[in-house]
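Q: Starting off with a structure, shown below.
Derivation of every value follows stated rules applied to the coordinates shown; laboratory data play no part. None of the values given here were measured: they were computed from a predicted structure. Ideal geometry is used to build each Cβ from the backbone, glycine not excepted, and the neighbour counts take in all protein chains shown.
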Amino acid sequence: MGCCYEVMKQRRTTRRYKRDPLPDGVVERIIQAGIYAPSGSNKSPYLVAVVSDFEVKKRIREEAEAVEREFYRKKRAVGEKEFLDWVQKKDIRVTKPFLTEAPVLLVVFEDSRWSDRHSLESTWLTIAYMILAAEQEGLGTVTYTPEPKTFLNTILGIEEHYRPQVILPLGFPQVRNRKVGNRPSVEERTTYFA
Ligand SMILES: Cc1cc2nc3c(=O)[nH]c(=O)nc-3n(C[C@H](O)[C@H](O)[C@H](O)COP(=O)(O)O)c2cc1C
């Protein structure tokens, strides 16, 4: 499958993975794709932690689930019905089995020492490139963003100026969902000044 239009169109979030290992070289190709992304002042202001150690993945899962329980408790307390209905419809739960199922987790940190050069925007462009590269490789991922995320610095021993942005699990999907995602039309999201 060539990049990019078909890859962009067919990519869907994967929340359950097979435990099969990844082919050699695929993780490096995905990170390399992320590094090709443009960045403010060309600083490439990010760090990617590659986690394949099962015990470390387990600790990340335990902390993430603790954070999620508190997150949902607060959402219920303030009665955020629209969000709670949406997660229920999507069958998104407090438990995050993908964090231990996926053979590899990429944890992407923004290097906030470059925050005056758009380090946050640059990091997310890199994340977007890696998501597309994973799809092109036939792997699944989920843009997983527990809140707060500082437990990732603690578990991985990474300095505070690296701000965690996302966990991207990489693995073969248990079920391959190729349906084109439900999206607004171009007209709905565009204003023309012709
Ligand atoms: C910035 C961002 C944060 C997200 N955070 C989460 C998350 O924490 N947990 C999760 O299960 N999915 C998360 N997602 C995935 C979205 O729910 C998903 O992309 C969206 O529902 C569209 O579905 P699709 O990716 O299958 O097309 C996130 C996506 C983005 C772009």
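Q: In whole angstrom, note down how far apart the Cα centers of segment 135-194 and segment 66-114 are.
A: 12 Å
Q: Ranking request for peptides 102-108, 13-19, 179-185, 112-118: highest mean number of other beta-carbon atoms within 10 Å first, then the rest in descending order.
A: Numbers: 102-108: 23.6, 13-19: 17.9, 179-185: 8.0, 112-118: 14.6.
Per-residue Cβ counts within 10 Å, averaged per peptide and sorted highest first, yield 102-108, 13-19, 112-118, 179-185.
Q: Note the full-extension length gain between Arg176 and Val78 as 0.36 nm times their separation in residues minus their Cα-Cα distance, in nm to one decimal.
A: 31.7 nm
Q: Something else about it: Which aspartates and glutamates, if any, have their Cα less than 16 Å from the Cα of Lys43, not counting same-chain residues under 8 positions apart?
A: Glu110, Asp111, Asp116, Glu121
Q: Lys and Arg at +1, Asp and Glu at -1: add these up for the other residues within a Cβ distance under 13 Å of Gln136 and post the number. Before the final figure, lay out each step's value.
A: On the way: positive: Lys9, Arg11, Arg29; negative: Glu6, Glu135, Glu137.
My count for the surroundings of Gln136 gives 0.
Q: Work out the FRET efficiency for Thr145 and Arg93 from their Cβ-Cβ distance, taking R0 = 22 Å, and round it to the nearest 0.05.
A: Values: r = 16 Å, r/R0 = 0.71.
Working from the Cβ atoms, E equals 0.90.
Q: With the cut-off at 1.5 for a/c, could you classify segment 112-194 from its C-alpha gyration tensor as rounded, prolate or oblate?
A: On the way: a/c = 2.47, a/b = 1.25, b/c = 1.98.
In terms of gyration-tensor shape, oblate.
Q: Also, quick follow-up: Which value in deg cm²/dmol, rounded to the nearest 500, describes the helix-derived mean residue ellipticity at 222 nm for the chain, given -39,500 (n - 2.57) per DSSP H run of n ≥ 4 and division by the residue count? Could the numbers behind the result be given before it?
A: Values: 7 runs with 78 residues, N = 194.
Calculated from helices alone, the mean residue ellipticity at 222 nm is -12000 deg cm²/dmol.
Q: Strictly over 22 Å apart at the Cα level, which of Lys9/Lys57; Lys58/Lys89; Lys57/Lys149; Lys58/Lys149; Lys58/Lys81; Lys9/Lys90 would you flag in this model? Spell out each step's value before the answer.
A: Details: Lys9/Lys57 30 Å; Lys58/Lys89 27 Å; Lys57/Lys149 15 Å; Lys58/Lys149 16 Å; Lys58/Lys81 31 Å; Lys9/Lys90 20 Å.
Where the Cα-Cα span goes over 22 Å, the pairs concerned are Lys9/Lys57; Lys58/Lys89; Lys58/Lys81.
Q: How would you classify segment 54-194 from its alpha-carbon gyration tensor, with a ≥ b ≥ c the square roots of the eigenvalues: rounded for a/c under 1.5, else prolate if a/b is greater than b/c, otherwise oblate? Please list the in-between numbers first.
A: On the way: a/c = 1.28, a/b = 1.14, b/c = 1.12.
Here segment 54-194 falls in the rounded category.
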